[in-house]
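**Student:** Sharing a structure, written as structure tokens. Questions coming.
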Amino acid sequence: RAKAAGGNRYELADADSDARAIARHDLTNCLPAALDNGEFFIEYQPLVRLHDGTVRGAEALVRWLHPVHGVLGPDQFIPLAESTGLIVPLGRWVLQEAARQARAWRAEGTCEGPMRVNVNLSPSQLRHPSLVADTVAVLDSSGLDPSALCLEVTENALIGADEEELRPLRQLADLGVDIALDDFGTGYSNLSYLRRLPVSTLKLDRSFTRGMQRAPADPVDVKIVEGIVSLAHTLDLSVTVEGVETGTQAEHLRVLGCDTAQGWYYARPGPPERLHTLSLVDAAS
Ligand code: C2E
Ligand code: MG
Ligand code: MG
Ligand code: MG
């Protein structure tokens, strides 16, 4: 019996991993058509200035409305797009669409002061020879000011990059595009390396702020964030915190000197129209 049960378990596990492989294979196969069919859409999550609570911009987060599986999150398809190279045209589409949206927000006066948009770049987009030309073309066609665009790159995508590899980012930074180091603190870059990067913002990973969700805050997390903020400000970098889920957390991070926050406490990612309502609420309060 034990053997039969074991055999059964093995079979189930096997069938299960087959199902996963088929799904992955399936998703990979329909990725290119999905782009042509307009199955991708973007949700925006507001970025809020901590000291006065005003909306300063939003991060563009891509989703896939799959005809069979429903809405898929980026964790389910970005790695596939990355390994098949589709990330380059997909990323170009996200950039184009987000820039168009940001330009529209600006024209509508969606928030007081200049509204900005953050777009994530994957490692292969970063290494693609047309990154600078594509970005310039998008800025030109949308009429968006370069300073209204922030490109987010992960710390891990930049580790070990030499001057040559950093040149495209530096060119974009010289044009006035803001570069943010995403998921900061989760990689293994040494801190002195930061000085060499053309970045203007650190996006502190959510793992550092989880311990501040409720009072009393985790004293070690407080010290770490304090240290990072002081280092960042010394290097003239601004600090954005992601994953802010409670008011307690927001207040801690404000007191610690973080500049900008993003998280469910303010708003989940949502359709572009939502930004309008949010900033009206802000303006009214
Ligand atoms: P990320 O850039 O670090 O984005 C933040 C993620 O945290 C988003 O997940 C967001 O929905 C989630 N989040 C925001 N606030 C909270 C909160 O308060 N609590 C918690 N628990 N989570 C929160 P999402 O949308 O699933 O995106 C996952 C990752 O996929 C992103 O991480 C980014 O690396 C990648 N991604 C998203 N859109 C794109 C894209 O257009 N291109 C590329 N290359 N990558 C993208
Ligand atoms: Mg990001
Ligand atoms: Mg992030
Ligand atoms: Mg993250």
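The values are calculated or read from the model by the stated rules, or taken from the named source; none is laboratory data. Since we're looking at a predicted model, the values are computed, not measured. Virtual Cβ from ideal backbone geometry, glycine too; neighbours counted across all protein chains shown. To get the accessible areas, we keep the full protein, side chains included, count just its heavy atoms, and leave off ligands, DNA and RNA. Shrake-Rupley method; radii C 1.70, N 1.55, O 1.52, S 1.80 Å.
**Student:** Using protein chains only and a probe of 1.4 angstrom, how many square angstrom of Arg254 are accessible, to the nearest 10?
**Tutor:** Counting only protein heavy atoms, the figure is 100 Å².
**Student:** Against the longest principal axis of the chain, how steep is helix 74-84, in degrees 0 to 90 to the nearest 10, with axes from Cα atoms?
**Tutor:** 80
**Student:** Using Cα atoms only, what is the angle between the long axis of helix 87-108 and the major principal axis of the chain, expressed in degrees (0 to 90) to the nearest 10?
**Tutor:** Roughly 40 degrees, rounded to the nearest 10.
**Student:** Run through the DSSP bridge list for the chain and note the antiparallel percent, rounded to the nearest 5.
**Tutor:** 40
**Student:** May I ask you to derive the FRET efficiency for Glu163 and Glu39 from their Cβ-Cβ distance with R0 = 35 Å, giving the value to the nearest 0.05?
**Tutor:** Efficiency, rounded to the nearest 0.05: 0.35.
**Student:** Whole number in Å², please: accessible area per residue of the range 55-116, 1.4 Å probe, ligands, DNA and RNA not counted.
**Tutor:** 45
**Student:** For the range 240-263 and the range 74-93, what is the separation of their C-alpha centers, rounded to whole Å?
**Tutor:** Cα centroid to Cα centroid, the span is 30 Å.
**Student:** Using a 1.4 angstrom probe with every protein chain in place, what is the largest-first accessible-area order of Leu95, Leu175?
**Tutor:** Largest accessible area first, the list is Leu175, Leu95.
**Student:** Sticking with this structure for a sec: I'd like to check one number: the per residue accessible area of the range 201-285, probe 1.4 Å, reported in Å² as a whole number.
**Tutor:** Solvent-accessible surface per residue comes out at 50 Å².
**Student:** Can you tell me the order of 236-247, 133-144, 114-125 when each peptide is scored by its average per-residue count of other Cβ atoms within 10 angstrom, highest first?
**Tutor:** 114-125, 236-247, 133-144
**Student:** Let me ask something additional. Carbon-plus-sulfur fraction of the accessible area of the range 189-267, 1.4 Å probe, in percent?
**Tutor:** Percent of accessible area from carbon and sulfur atoms in the range 189-267: 52.
**Student:** Calculate the dipole size of the chain relative to its Cα centre from +1 charges on Lys and Arg beta carbons and -1 charges on Asp and Glu beta carbons; express the result in debye to the nearest 20.
**Tutor:** Dipole about the Cα centre, nearest 20: 440 debye.
**Student:** Quick one: accessible surface of Ile179, probe radius 1.4 Å, all protein chains present, in square angstrom to the nearest 10.
**Tutor:** 0
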